[in-house]
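Since the structure comes first, as structure tokens, the remarks are kept for the end.
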């Protein structure tokens with residue numbers, strides 16, 4: 001018990017646990033984050049798998065009752081209500097010469113007027129197009145049969161489309177955001193504690209006295225970093241445990257994804273978060289020990305939070321595939337998490353190396369903060 | 001014994017310490033008296049090893065604070081210029097924290113903490129959290145932190161600032177008691193009455209150097225004044241005269 005690191009760690013942890021703001025900060029991210037994400041996904045999924053009718057303006061319906069019947073049975077109906085503001089009307093116009101054209105076996109004209117660049121209506125427009133094309137081919141088949149031809153002669157190739165593209169990319173986005181969320185949880189959860197034990201200590205005027213005690217500055221920083229890391233890990237564990245639970249209530253199977261984590265995977269993820277938590281808190285301590293006050297530190301740290309986001313999103317969107325990413329702090333954990341969630345085989349060596357690299361960088365940061373605190377310029381702002 | 005030898009410290013163009021030398025022997029209360037900005041706090045920070053002097057040394061029982069700051073700090077108790085308490089910890093926990101930092105853990109730590117709390121007559125507030133403590137109660141916690149490891153040297157930076165009469169009395173009684181036990185006490189102040197009432201030896205500091213040194217009596221004789229305040233003004237004034 002006489003190890004100064006342990007003494008500082010114990011005291012800071014006790015202090016932080018009594019700080020309702022710190023505890024709330026650590027918990028709320030882990031609690032409300034997945035909930036918020038779940039709501040967003042719920043909306044996304046229900047939009048994707050929307051079975052409700054498409055309501056459009058239909059002009060000249062009286063010319064082609066059979067077509068209208070066909071459209072109705074495919075969930076495309078005449079609109080009764082007015083279009084909402086900002087929504088482009090979709091209009092289907094059936095030419096008056098419809099019956100004559102059909103009788104003469106001439107192409108009957110149907111005009112579809114819509115904003116084809118409106119992404120929200122893309123699905124609706126596609127459904128209309130498909131329904132009309134299907135009706136067209138039905139008529140074509142009947143005509144061929146009546147002329148004694150096998151309709152298959154005009155269909156030399158049977159292209160079977162398995163539409164996994166949209167679902168696949170949606171799933172990637174969903175998984176990617178779950179991952180980023182888990183990674184960021186360690187950055188968010190320890191943040192308040194990190195600020196309180198560094199900039200807060202300075203603001204309370206207790207830093208100078210603490211530095212005048214018989215312990216090295218880096219022991220002090222290490223004790224503090226470990227205390228804040230405990231909070232970071234706590235938040236990480238909470239989100240790792242809560243995400244699968246909350247996502248169980250989402251109809252993920254509707255868009256063809258499953259998110260199942262067995263407990264060994266969860267333990268593995270938490271183990272990977274441990275070095276990352278230390279890394280996150282040392283970065284935060286580094287920044288907020290330089291700040292004069294709690295407020296100032298909060299400003300700096302909110303910028304600091306951009307760093308992991310940029311790193312992770314950058315890799316995601318730039319589709320970087322450099323093997324170095326597996327070995328670096330943060331990106332290494334990100335890649336390993338991707339592999340875990342996708343259910344791919346794990347690269348143990350890179351995982352170990354990135355964990356060690358993360359620990360090493362954190363250790364160097366802590367040593368550096370220690371040296372910083374030995375400097376009178378930083379401590380007294382001289 | 002606290003010894004300061006020819007300390008010099010420059011902050012940019014400002015000379016904070018300009019060859020300051022004095023000593024605070026055991027069993028005595030030494031007052032560091034000087035106007036604001038004379039270099040008192042800088043001097044004390046050098047003794048804790050928080051500031052590195054440009055030249056000169058500070059010794060705690062022969063240990064160079066610049067070379068072995070941790071060793072030096074083990075032997076001193078500090079009552080700082082500004083003390084912040086950990087609002088969410090109880091008085092007892094704060095004192096125990098400092099005891100632990102000085103290597104007093106477990107049983108020994110508990111005993112030392114209890115003794116310090118008892119000595120300052122603060123057992124009643126010992127298990128209350130610091131939020132809501134009065135200024136006097138806060139001072140007691142800070143004092144208990146400073147003496148919990150029974151240091152042979154006690155350094156106080158402007159201790160009586162903002163204290164009420166009762167707190168000041170407690171502080172004085174404690175200092176006299178510790179002096180009787182052979183502690184060397186060094187305290188900085190710009191309050192004349194405080195210094196006159198307590199100190200065995202007064203070191204008058206002005207512009208980073210010792211302007212005069214001696215007992216209250218000696219200082220008065222030196223300047224031909226009857227009150228320390230007059231003597232003080234005269235010493236500082238004379239010094240300024242010479243410097244100009």
- prompt: Given the options B:175, B:51, B:32, which has the most mean-square fluctuation in a GNM of chain B, springs set between C-alpha atoms less than 10 angstrom apart?
  reply: B:51
query: Highest GNM mean-square fluctuation, chain A, Cα pairs closer than 10 Å: which of A:160, A:315, A:23?
result: A:160
field: Sequence of A:285, B:228, B:222 once ranked by neighbouring C-beta atoms within 10 Å, starting from the fewest
entry: B:222, B:228, A:285
- line: Sorted largest first, the Cα spans of the range B:43-103 on the principal axes come out in Å as 41, 23, 12
message: Per-residue counts of other Cβ atoms within 10 Å, averaged by peptide: what ranking do you get for A:147-153, B:139-145, A:10-16, highest first?
response: B:139-145, A:10-16, A:147-153
task: In square nanometres and to one decimal, what's the mean projected area of the convex hull around the Cα atoms of the range B:158-203?
output: 3.1 nm²
field: Computed [θ] at 222 nm, deg cm²/dmol, chain B (DSSP H ≥ 4; -39,500 (n - 2.57); rounded to nearest 500)
entry: -12500 deg cm²/dmol
Partner chain coverage, peptide B:78-86 - average Cβ within 10 angstrom: 5
- prompt: Highest mean first, what order results for A:116-125, A:33-42 on Cβ atoms within 10 Å?
  reply: A:33-42, A:116-125
statement: Of all DSSP beta bridges having both residues in chain B, the percent classed as antiparallel (nearest 5) is 55 percent
message: Which three numbers, in whole Å and largest first, are the semi-axes of the equivalent ellipsoid of the range B:83-151 derived from its Cα gyration tensor as √(5λ)?
response: 18, 11, 11
- line: In whole angstrom, the spacing between the Cα centers of the range A:31-75 and the range B:45-104 equals 72 Å
task: Starting from the Kirkwood radius over alpha-carbon pairs of chain A, derive D by Stokes-Einstein at 37 °C in a medium of 0.692 mPa s and give it in µm² s⁻¹.
output: 130 µm²/s
task: Take A:347, B:149 and order them by how many other Cβ atoms sit within 10 Å, fewest up front.
output: A:347, B:149
- request: In square nanometres and to one decimal, what's the mean projected area of the convex hull around the Cα atoms of the range B:99-244?
  value: 10.5 nm²
- line: Taking every residue of B:101-108, the Cβ atoms of other protein chains inside 10 Å of its Cβ average out to 4
message: If I model a spin label as a point 7 Å beyond the Cα along the Cα-Cβ vector, how far apart are those points for residue A:313 and residue A:47 in nm?
response: 1.7 nm
field: Degrees separating the helix A:348-374 axis from the principal Cα axis of chain A, which is the longest one
entry: 50 degrees
task: Could you tell me the distance between the Cα centroids of the range B:116-173 and the range A:196-248, to the nearest Å?
output: 29 Å
- prompt: Alpha carbon centre of the range A:281-328 versus the range A:133-150: separation in Å?
  reply: 63 Å
task: Determine the calculated [θ] at 222 nm for chain A from helices alone, applying -39500 (n - 2.57) to every DSSP H run no shorter than 4 residues and normalising by the residue count; nearest 500 deg cm²/dmol.
output: -22500 deg cm²/dmol
Residue among A:95, A:196, A:158 with the largest mean-square fluctuation in a Gaussian network model of chain A, springs linking Cα atoms under 10 Å: A:158
Globularity index of chain B, i.e. its alpha-carbon radius of gyration over 2.2 N^0.38 Å: 1.02
- request: Within 10 Å of each Cβ in peptide A:209-220, how many partner chain Cβ atoms are there on average? Round it to a whole number, please.
  value: 6
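Coordinate-derived values only; no laboratory data. The model shown is predicted, which means the values in this text are computed figures rather than measured ones. All Cβ positions, even for glycine, are placed from backbone atoms using ideal geometry, and neighbour counts span all protein chains on display.
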